[in-house]
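The values are calculated or read from the model by the stated rules, or taken from the named source; none is laboratory data. Not measured: the values here are computed from a predicted model. Using ideal geometry, Cβ is built from the backbone for each residue, glycine included, and neighbour counts are taken over all protein chains shown.
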Amino acid sequence: MYPNGTAYLAAVQIEDTSQYEFADTGVIGEQIPFDAGDVRLAGLSCFNCSFTWSGSSRILFDKGNYTVSYIGPIHEDHVQAFYDSPHNVTVTLPQEFDVRNPLLAGISPGANVTRYPDNTTSIQWEGVTSIDLRFYDQAHEQLLYLFGNIWVFIAMLVIVSYLISGRNRG
């Protein structure tokens, strides 16, 4: 993932296939094609293998085993992926982002989260057919704490007002 949180660099290993389609998942689970950037195809016999575009979101190539790498968009601090078969997936968050606060983040089950000394975070899933990851930046965490403090202050005012008014009645 890029430090500004608007795009990611992906590398996907594919086997025994002759095409790959770049698609995000929509609100109801439908596949939505997207224009991937900096697309590269690598295999055992070639580092920069040739491919042709079919439309704006699918590449075609000779059947075989490859690694497809590309740049894809991130929307609203949320990453989702769905696969036809089980995959091992690793997402690396730059130091600007975090997933440790459950009020702001969400991670699909089975993830192993590792926070490194340089404040980068690695989230890994093994043998999954989908991942779902919501992350946040420091500004969102500060807003949460500010909002929480305001509500605690309001609650204290209400409690103190109630206690004072109760003493005046008695």
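Restricting Leu143, Leu163, Leu157 to residues that are surrounded by 11 or more Cβ atoms within 10 Å (Cβ to Cβ), among the aliphatic types (A, V, I, L, M), more than 30 Å from Ala23 (Cβ to Cβ) and free of Cβ contacts under 8 Å to residues at least 12 places away in the same chain narrows the list to Leu143.
Residues in the range 26-82 that are within 29 Å of His140 (Cβ to Cβ) and of a type in the set (Phe, Trp, Tyr): Phe34, Tyr70, Phe82. Of the listed requirements (1) assigned to a strand (DSSP E or B); (2) within 15 Å of the chain's Cα centre (by Cα); (3) loosely packed, with under 13 Cβ neighbours inside 10 Å, Pro3 misses just one: (1).
If you go through the range 25-60 and keep only what is under 17 Å from Ile74 (Cα atoms) and in contact with a Pro (Cβ under 8 Å, 6 or more places away or on another chain), you end up with Phe34, Ser57. Being exposed (fewer than 12 other Cβ atoms within 10 Å of the Cβ), part of a strand (DSSP E or B), in contact (Cβ under 8 Å) with a residue 24 or more places away in the chain and aliphatic (A, V, I, L, M) is the requirement here; does Ala81 meet it? When the stated conditions are applied, Ala81 does not pass them. For Val128, state whether it is in contact (Cβ under 8 Å) with a residue 24 or more places away in the chain and either surrounded by 14 or more Cβ atoms within 10 Å (Cβ to Cβ) or over 20 Å from Thr25 (Cα atoms) (or both). Here the answer is yes, as Val128 does meet what is asked. Only one of the numbered conditions (1) more than 19 Å from the chain's Cα centre (by Cα); (2) modelled with pLDDT of 90 or more; (3) within 17 Å of Thr129 (Cα to Cα) is violated by Thr90, and that is (1). Sub-6 Å Cβ pairs linking a first residue in the range 59-73 that is in contact (Cβ under 8 Å) with a residue 12 or more places away in the chain to a second residue that is surrounded by 20 or more Cβ atoms within 10 Å (Cβ to Cβ) and small (Gly, Ala, Ser), at least 6 apart or interchain, are Tyr70/Ala36; Gly72/Ala36, ordered by first then second residue.
There is at least one residue in the range 88-108 that is small (Gly, Ala, Ser), outside any strand (DSSP E or B) and either in contact with a Ser or Thr (Cβ under 8 Å, 6 or more places away or on another chain) or surrounded by 18 or more Cβ atoms within 10 Å (Cβ to Cβ) (or both). Whether any residue in the range 111-134 is outside any strand (DSSP E or B) and farther than 19 Å from Pro3 by Cβ is what I want to check. Scanning the range 111-134 turns up at least one residue that is outside any strand (DSSP E or B) and farther than 19 Å from Pro3 by Cβ.
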